[in-house]
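The values are calculated or read from the model by the stated rules, or taken from the named source; none is laboratory data. The shown structure was predicted, so the numbers you read here are calculated from the model rather than taken from an experiment. Here the Cβ positions follow ideal geometry from the backbone for every residue, glycine too, while neighbour counts run over all protein chains shown. Side chains are part of the model used for accessible areas, which takes the heavy atoms of the whole protein and leaves out ligands, DNA and RNA. Shrake-Rupley method; radii C 1.70, N 1.55, O 1.52, S 1.80 Å.
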Amino acid sequence: MKFSAGSAWRRILFRHEMLLLVVLIVEWLLFLHFGTMTNRRGVTVGFGTLDRQFDILRHSCEIGLLALALTPIILTAGIDLSVASLLGLCAIVFGQLTHDVGLPLSLAIPLTLLAGGLGGAVNAGLIAGLRLPPLIVTLGTYSLFRGLAEAMTGGAVTYTQFPSGFLALGQGRWLGVPAQAWIFVGVAVGMWMLVHRSVAGRFIRVIGFAPEGAQYAGVRVGKCLTFVYVLAGLVSAAAALVYTARLGQAKADAAVGYELYAITAVVLGGTSIFGGKGSVTGTLLGVAVIAVLKNGLATLPVVIRMNSAEELSGLLTGGLLLFALVIGMLPKLLSAVCIRR
Amino acid sequence: MKDWRYRRELAVAALLGCILLGLAIWAPAFYQAQPLLSLATREAPSLIVTCGMVIVILTRQIDISVGSMFSVCGVVCGLLAASGWPVWSLLPAGVVIGGAMGAVNGVFIAGLGLPSIVVTLAMLVALRQGLNLFRQGEFVTLPDGVQWFGMSQVHGQIVVLCATGVLVALLAYGLQRISLGRHFYAVGSDAEASRLAGLKPRRVTFLAFVFLGALTGIAAMVNVVQSPQVQPLSGYGMELKVIAAVVVGGVAISGGRGYLWGAAVGLLLLACISPALVYLHMEAYWEKAFQGAIILVAVLAEGLRARSARRHRTDFS
Amino acid sequence: MTFRFRTGFFLSILVPVFLAASASTVLAQGKAMIALMPKSKGNAYFISCKAGADKAAKELGVELLFDGPVDANAARQNEIVENWITLGVDAIAVAAENKEGISTVLRKAQKQGIKVLTYDADSLPDARSFFVNQATPEGIANALMDEAARLCNSTGQFAILSASLTAGNQREWQMYIEKRLAEKYPQMTLVAVRPCDDLKDRAQSEATALMSANPELKLLMAICSPAVPGAAEAVKQAGRVGSVKVIGLGLPNENRRYVKEGVTQTVVLWKTEDLGYLTVYAANALVNGTLKPGATSFKAGSLGEFAVDKDQILLGTPFLFNKTNIDDYNF
């Protein structure tokens, strides 16, 4: 019992989230130091400006929303590769509803969310209803959703000229902060309540730990799984609206490749790909670490002169992910070594 | 219920047969020697990677970094050729580079016990962006004499196809008849049981990733010799195509079940969609949707089969 | 112990903050910074533009940034422009992947006092001051279509290979090609338009399939630069050299081999290096205030005087490279 105080500290210190927080603070400070400068017009530019910080928020909202949607799914030991494709499909659906059908926003937005929910329901039906492996099902819908988006537009139509009220959702500010940040915060709080403060959240973890056991313990596994996949569809649709509003265009190639970044953020946030273990806070920190890294690198004069901010940040993100994995394994490895001795 | 051994593979082959028959009826122009030879040669690299992916998935792992490894091998070999390495030395070079990258995956996955999907996701991102950083997306122009090994084009295509065929046949035979091949099945069915039976599951898993890496290197070479330039984006999206082929071909994602030739038939099926659309004068944009639908139908069939099998079995639980 | 740890923790945060506040680097004193964005930076076409841009930047003593997506990606272009805005560059010149998609962020740049131009592919007119136009879309389309008709004796089937069906300038060229076709060459038919995603391998597969599906095909027209060698390779592999002709928009170096072998008949292009050179000169002139809206002509270094038509700076007419003259050019 002598070490109890110390080990309590250690528990907090060695928690994955704490490690991420330290990484986040360190990189933020480094970029603040090296990425803020005065340009030749005498204006302070770069990482340290409020504008830049808001840009980071804006750029990370869609990936953040997808990562939030993926968190409960990965907690059930599932995966959803189709989120970004569904985002593309929803963007096209929204574009067609507002332009070709001519519906007002008040109808088009709920219908787009409904389309997202339906897309999620396709995944849910196959995964929860028929118990098919999520990796393969969502690999199929990954192609299917993107393919439908391309087929619906002939790969060519780009929907633009949305009403300015809608564009404000992605480009304007509400209460001094980028508008989409409020949606992000809302979804994040909702997701946190769901995962950490509700019975459903506990069921989700149980399913991830032991699906058979969950069944016998009276958890309605099918219902729970359906819920998380449909929810992911809804959140993807919301992300589609934000994406469309930010770029001012809806096109079939919207958000190609975002699923990789979203999964990276979730796993970096400490959620185990085998399910059961992880947190929404971790995911948020994971998103923040990646977003600050990506945007921060783009403000460093050295990196700008290399003309390769995106590539460098991708390389570092991959490295960081491996590093986080190895760090997460360290206690297990050490104890394995100790037992062997 | 009577369960045929190759039920699933034969079903896929039958579907492929239907498409080919449909083409024969509505678009007989599809059956011309030269275009078919070109089509087959273009799919040869994917086929080789598919074989490697079968091995990895049989051991109940997955590798989504193949596309990036493919690009890296292609570009590095292209640069070696451009700096004057003889053509014959490129193949071993590709094998070594690919094998080394596969070994890195293997160390993390088999050595440290990390989840394969996440490790290879990190590799996918890191390798692709690293290559972009290094090359800025620029093409590599190859010297004369690399394309088709300096032979005429038809001869080159026949050599490529024969070599691919021999390689695939050897791998298919090895997986069924050589003890190492059976070990992949054993580890994929039940790692713990295979350990108790005296195998070394970690070593087997490591080897599976090295095999896949080396095969990806060979595939990249087969791609490099087909044209006078190497585009760094050439492996883009290959991982999904290959995994889809494996799954459609009836290899269980849960490991230990499936046949290499099934996956090869699966790849042919997916590869036929794009030309079939052109020959039937349909819009190109439906291609991806069709591929997705085929994957879903395949997994659905598998699920329904498993379900009825469960129902027919005496319930011990 | 708790106390000491906390103090240490906060100190470790505070010290760098002070450091950051005290030291702010001054960026590129006195030198103007001009940022140039290609549609995709690995594309040989834009690499050749960059060569010209580098030359101009050296002559003018300005700093040149050259960044863009590796694959033609509209969203990624927006993000890079936003990076440049926060950095406070003096001028931005963009080859827009998507007309409307890029315009919002370009307007934002203009609001911050950054001079904005487009080159190669335009944005919406109100989002930039000038468009450096390599040749009018109509001029390019007519040159391609006329050359195709000449090679086919104005009869028979042909097919188009384009980059993506979403790229703005590709759509525009295609439109004018179809217009010219309807007006002047009623005996010719366009059997298909296939996208190749700016990938050479994909273009090759598409061309192979097109030739077999349409045995009567007489000509392949590739309107994005990676597709020209792709189409030529397909024709060569199909053993149809001569019976299926290849023309397209591409760089001499990429196509030299095929043109000399007689696989590709004609490559149509403007001088891409000059395009980059002219764009940087125009950007610099905008920053200095020597080029203002309403100007009618403008002098660009060693290239001399260029006509300005309203808000477009015209590079000139497209050039036809063929077997006889291709060896005179190296880019």
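The set of residues in the stretch A:140-163 being among the aromatic types (Phe, Trp, Tyr) and assigned to a loop (DSSP other than H, G, I, E, B) consists of A:Phe162 alone. The condition (being surrounded by fewer than 22 Cβ atoms within 10 Å (Cβ to Cβ) and assigned to a helix (DSSP H, G or I)) is satisfied by just one residue among B:Gly130, B:Gly198, B:Gly188, B:Gly94: B:Gly130. When the stretch C:116-131 is examined, which residues are found to be polar (S, T, N, Q) and out of contact with any Leu (no Cβ under 7 Å at 6 or more places or on another chain)? C:Thr118, the sole residue that qualifies.
Is there a residue being touching an Asp or Glu at 6+ places or on another chain (Cβ under 7 Å) and at the interface with chain A (Cβ under 10 Å from one of its Cβ atoms) anywhere in the stretch B:268-285? Yes: one or more hits. Out of the stretch B:152-168, which residues are more than 16 Å from the chain's Cα centre (by Cα) and of a type in the set (Ser, Thr, Tyr)? The one that is more than 16 Å from the chain's Cα centre (by Cα) and of a type in the set (Ser, Thr, Tyr): B:Ser152.
Only one entry in A:Gly222, A:Gly218, A:Gly190 is surrounded by fewer than 17 Cβ atoms within 10 Å (Cβ to Cβ) and assigned to a loop (DSSP other than H, G, I, E, B), namely A:Gly218.
Among all residues of the stretch A:39-61, there is none that is farther than 23 Å from A:Ala309 by Cα, open to solvent by less than 10 Å² (accessible area, probe 1.4 Å) and not in a loop (DSSP other than H, G, I, E, B). Please go through the stretch C:190-208 and pick out each residue that is farther than 18 Å from C:Glu138 by Cβ, open to solvent by 10 Å² or more (accessible area, probe 1.4 Å), at pLDDT 85 or above and of a type in the set (A, V, I, L, M). Hits for the stretch C:190-208 are C:Val191, C:Ala192, C:Val193.
The lone criterion from (1) among the aromatic types (Phe, Trp, Tyr); (2) away from every other protein chain (no Cβ under 14 Å); (3) not in a helix (DSSP H, G or I) left unmet by A:Trp182 is number (3). In the stretch B:109-119, the qualifying residues are those that are of a type in the set (Val, Ile, Thr) and in contact with a helix residue (DSSP H, G or I) (Cβ under 6 Å, 6 or more places away or on another chain), and the one that is farthest from the other protein chains (Cβ to nearest Cβ) is B:Ile109.
Let's see how each residue does on (1) polar (S, T, N, Q); (2) open to solvent by less than 20 Å² (accessible area, probe 1.4 Å); (3) under 24 Å from A:Thr49 (Cα atoms):
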position	(1), (2), (3)
A:Gly296	no, yes, yes
A:Thr299	yes, yes, yes
A:Arg305	no, no, yes
A:Phe323	no, no, no
A:Ile327	no, no, no
A:Leu333	no, no, no
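Within the set B:Gln226, B:Gln291, the sole residue that is more than 28 Å from B:Glu192 (Cα to Cα), assigned to a loop (DSSP other than H, G, I, E, B) and touching a helix residue (DSSP H, G or I) at 6+ places or on another chain (Cβ under 9 Å) turns out to be B:Gln226.
Yes/no matrix, rows are residues, columns are (1) farther than 30 Å from C:Val228 by Cβ; (2) touching a strand residue (DSSP E or B) at 6+ places or on another chain (Cβ under 9 Å); (3) among the small types (Gly, Ala, Ser):
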{"position": "B:Val140", "(1), (2), (3)": "no, yes, no"}
{"position": "B:Gly150", "(1), (2), (3)": "no, no, yes"}
{"position": "B:His155", "(1), (2), (3)": "no, no, no"}
{"position": "B:Ser189", "(1), (2), (3)": "yes, no, yes"}
{"position": "B:Leu199", "(1), (2), (3)": "yes, no, no"}
{"position": "B:Ala208", "(1), (2), (3)": "yes, no, yes"}
{"position": "B:Leu215", "(1), (2), (3)": "yes, no, no"}
{"position": "B:Ala219", "(1), (2), (3)": "no, no, yes"}
{"position": "B:Leu233", "(1), (2), (3)": "no, no, no"}
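Considering B:Val168, B:Val125, B:Val154, B:Val104, the condition of being among the hydrophobic types (A, V, I, L, M, F, W, C), in a helix (DSSP H, G or I) and more than 10 Å from every other protein chain (Cβ to nearest Cβ) is satisfied by B:Val168 alone.
Looking across the stretch A:23-38 at every residue that is of a type in the set (A, V, I, L, M, F, W, C) and within 7 Å of chain C (Cβ to nearest Cβ), the one that is least open to solvent (accessible area, probe 1.4 Å) is identified as A:Met37. When restricted to residues that are among the hydroxyl-bearing types (Ser, Thr, Tyr) and assigned to a helix (DSSP H, G or I), the stretch B:23-72 contains 6.
Within the set A:Thr160, A:Thr226, the sole residue that is touching a strand residue (DSSP E or B) at 6+ places or on another chain (Cβ under 9 Å), touching a residue at least 60 places away in the same chain (Cβ under 8 Å), more than 14 Å from chain B (Cβ to nearest Cβ) and not small (Gly, Ala, Ser) turns out to be A:Thr160. Taking (1) within 8 Å of chain B (Cβ to nearest Cβ); (2) over 21 Å from the mean Cα position of the chain (by Cα); (3) assigned to a helix (DSSP H, G or I) in turn, A:Val137 satisfies each apart from (2). Among the residues making up the stretch C:86-101, those that are assigned to a helix (DSSP H, G or I) and open to solvent by less than 10 Å² (accessible area, probe 1.4 Å) are C:Leu87, C:Gly101. Checking the conditions here, which among A:Tyr229, A:Tyr243 is crowded, with 24+ Cβ neighbours inside 10 Å, farther than 25 Å from C:Ile80 by Cα and at pLDDT 90 or above? The unique qualifying residue is A:Tyr229.
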